[in-house]
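The structure under discussion appears below in the form of structure tokens.
The values are calculated or read from the model by the stated rules, or taken from the named source; none is laboratory data. All values derive from a computational prediction rather than experimental measurement. Every residue, glycine as well, gets a Cβ built from its backbone with ideal geometry; the counts of neighbours run over all protein chains shown. To get the accessible areas, we keep the full protein, side chains included, count just its heavy atoms, and leave off ligands, DNA and RNA. Shrake-Rupley method; radii C 1.70, N 1.55, O 1.52, S 1.80 Å.
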Amino acid sequence: MAPNDETDQVTQHASPFGTTPPNWPPAAGAAGPNARMPRWLPRAMVLALALIAVFQLGSWAFHQLTGLLINILIAFFLALAIEPAVSWMASRGLRRGLATAVVFLGVMIAAAGFVTLLGSMLAGQIIKIVEDFPQYLDSVINWINTHFNTDLKRVDVQEGLLRSDWLRNYVQNSATGVLDVSAQVLGGLFQLLTVTLFSFYFAADGPRLRRALCSVLPPAKQAEVLRAWEIAVNKTGGYIYSRGLMALISGAAHYILLQTLNVPYAPVLAVWVGLVSQFIPTIGTYLAGALPMLIAFTVDPWYALWVLIFVVVYQQFENYVLQPKLTSKTVDIHPAVAFGSVIAGTALLGAVGALIAIPAIATLQAFLGAYVKRYDVTDDPRVHGHRNRGEGPLARMWALWVRRPGAKDPGDGSS
């Protein structure tokens, strides 16, 4: 019997357990065997890959240019520091480029003179220490023989030192490290030249740079940029001024001490202590005090102890008395904020970050202070650090003691 159309339809829908599955129509939106990829998907994949490639390229370029960016940042703050002097000369009729060159020339002459005097002093003192080393060694050996009942001799100590493996390894490492030191010196000179050139351009072409920056901004934004620039100049100049004044006071105080102890090269050592202790944050005090102690030790070992005591005492006086008064009038930043900014700058940019952290935070604080709305403080004793009577823990304990069962009220007048 030949199947017809009616029997075929009955066979397909007769039993759900049949061998032929039902032939349902495809659902809406389902991908069939001939479906195509959406047109937006290839473009999205290409865009994602392009963004990843741009991010990787930008990250690589940033890491490669980190040194240059740090040099530019240092040069910018140096230009802000000398901006008041350059502007003062320019207002007197001197060309701005020539005024910048005069300021840089004065700074370079002062730095070269200081380095020359310091180098000659160190060379002379090192020669003196080497010549007097046998005497120091004899005094140490005599002290050891006297207190420990030993029989040491200088000849034996010198021979043992010369034949030691430590000295041989030290000489070999020093010989192999000469090229590394030379490369570091050349790199430092190139970095100094880069910072000098950028700072000169920033200071000499400051007005042109401000005009170029303001030309791409609307008038309202131009006023904000110029105001931020002025605040940065004032705060950076104030920081340099306060540090220079503290360096002068520190140098004068240490000069009086060194001159009293008859330590040689007292003026140069005083200048060294003043500059290093103020312009090298965190460890500058220890570096500044080490050299006068060493020179004082060549005169008398007890003098080195006196110098150490004076450095520690003066540092406390500077931290708690001198620095808060000067920074409040120039930089206007809390000492705790200054200390935290130095730590944060050191963690981010090392010694450079520690040096520029305080003027940067002072500039940011002064700029944001104009946009923070302030209100009148309520006249509450707790604002001034006081408490009302009866609010302290002792007062509450006394109230609980008085209110205990069976206690007499001290104000009832009963006996």
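Side notes on the structure shown:
- Computed lengthening from VAL102 to TYR201, 0.36 nm per intervening residue step minus Cα-Cα distance: 34.3 nm
- The calculated FRET efficiency for GLN315 paired with VAL115, based on their beta-carbon distance and R0 = 35 Å, is about 0.90.
- Set the Cα radius of gyration of region 55-158 against 2.2 N^0.38 Å, with N its number of residues, and you get 2.14.
- A probe of 1.4 angstrom, applied to the heavy atoms of all protein chains, finds PHE62 with accessible area near 120 square angstrom.
- Counted charge near VAL276, where neighbours are those whose Cβ lies closer than 14 Å (Asp, Glu -1; Lys, Arg +1): 0
- In the calculated pair-distance distribution of region 193-303, the portion above 18 angstrom amounts to 64 percent of the Cα-Cα pairs.
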